[in-house]
Amino acid sequence: MTQHRVPEERRPANEGRKAAARNRAALVDAARAIYSEHGLNAPLSAVARRAGVGQGVLYRHFPDREAVATAVLEENVRQVERTAAAQDTDLPGVLGVLTWHLAESAAFIGALHAAGAGGSSGVPAYAHDLSERVERALRAHLPDGHRLAAADDDLMIAVAMVSGAVTGPAREQRERRARAAWRLLGVEVGPVRPFAE
């Protein structure tokens, strides 16, 4: 009997934490894209597939659907907060980044509606927390006497109204509708873009 020798292939080096961080970032990016297209109830298998990893890797990073959604929405809110904390930022600049996320993500809209609609018992706690953080970031740049500062709820009601206008299959259409809604509310919005470091 002849033994067939299997050529030795070099096994890729285990990159450990580097690979884990890269996989997590890929999963968050993939989830953002999938949620943008299909909403928060999209299958997690689609998220893993889009990220180029197996479902086991997804579940190693995120134990359930809520954890995936929280990670995506957390990153959206972090970008709004980072914009608000940047030097020389004004309300229109923060609203530009917020509007980019509204046009990009139906899931983000749902989270912001959690507190903007007065909150309901069926809304996850993380959505309330994220919505409140967005409100704090916006309020930090809201000048006294601004039309959105007339009553305590006005700011987030305006955000809910704009997010309600963000409909349509194409991102460009959703952005156009968001800008039109802000304009109708008499609120200036800066460049619609993600946070730029």
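The values are calculated or read from the model by the stated rules, or taken from the named source; none is laboratory data. Being a predicted model, the structure only gives us computed values, none of them experimental. Here Cβ is always computed from backbone atoms with ideal geometry, including for glycine, and neighbour counts include all displayed protein chains. Surface areas here come from the heavy atoms of the whole protein model, side chains and all, with no ligands, DNA or RNA. Shrake-Rupley method; radii C 1.70, N 1.55, O 1.52, S 1.80 Å.
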**Request:** Have a look at Leu91, Leu98, Leu102, Leu73 and point out the one that is at pLDDT below 90, of a type outside the set (Lys, Arg), more than 19 Å from Arg22 (Cα to Cα) and open to solvent by less than 30 Å² (accessible area, probe 1.4 Å).
**Result:** Leu102
**Request:** Might you let me know whether the range 43-59 holds any residue that is modelled with pLDDT under 95, outside any helix (DSSP H, G or I) and over 30 Å from Gly168 (Cβ atoms)?
**Result:** yes
**Request:** Taking Pro169 as meeting all but one of (1) open to solvent by 70 Å² or more (accessible area, probe 1.4 Å); (2) part of a helix (DSSP H, G or I); (3) at pLDDT below 90, write down the number of the exception.
**Result:** (2)
**Prompt:** Which residue pairs have Cβ atoms closer than 9 Å, lie 6 or more positions apart in sequence or on different chains, and pair a first residue in the range 70-95 that is closer than 16 Å to Arg24 by Cβ and of a type in the set (D, E, K, R) with a second residue that is in a loop (DSSP other than H, G, I, E, B) and open to solvent by 10 Å² or more (accessible area, probe 1.4 Å)?
**Reply:** Arg78/Phe195
**Prompt:** Which condition does Val189 not pass, out of (1) more than 19 Å from the chain's Cα centre (by Cα); (2) within 21 Å of Arg82 (Cβ to Cβ); (3) of a type outside the set (Ser, Thr, Tyr), if it passes all the others?
**Reply:** (1)
**Long-range neighbours under 6 Å by Cβ, at least six apart or interchain, first residue modelled with pLDDT under 90 within the range 123-143, second open to solvent by less than 70 Å² (accessible area, probe 1.4 Å) and hydroxyl-bearing (Ser, Thr, Tyr)** = Tyr126/Thr70
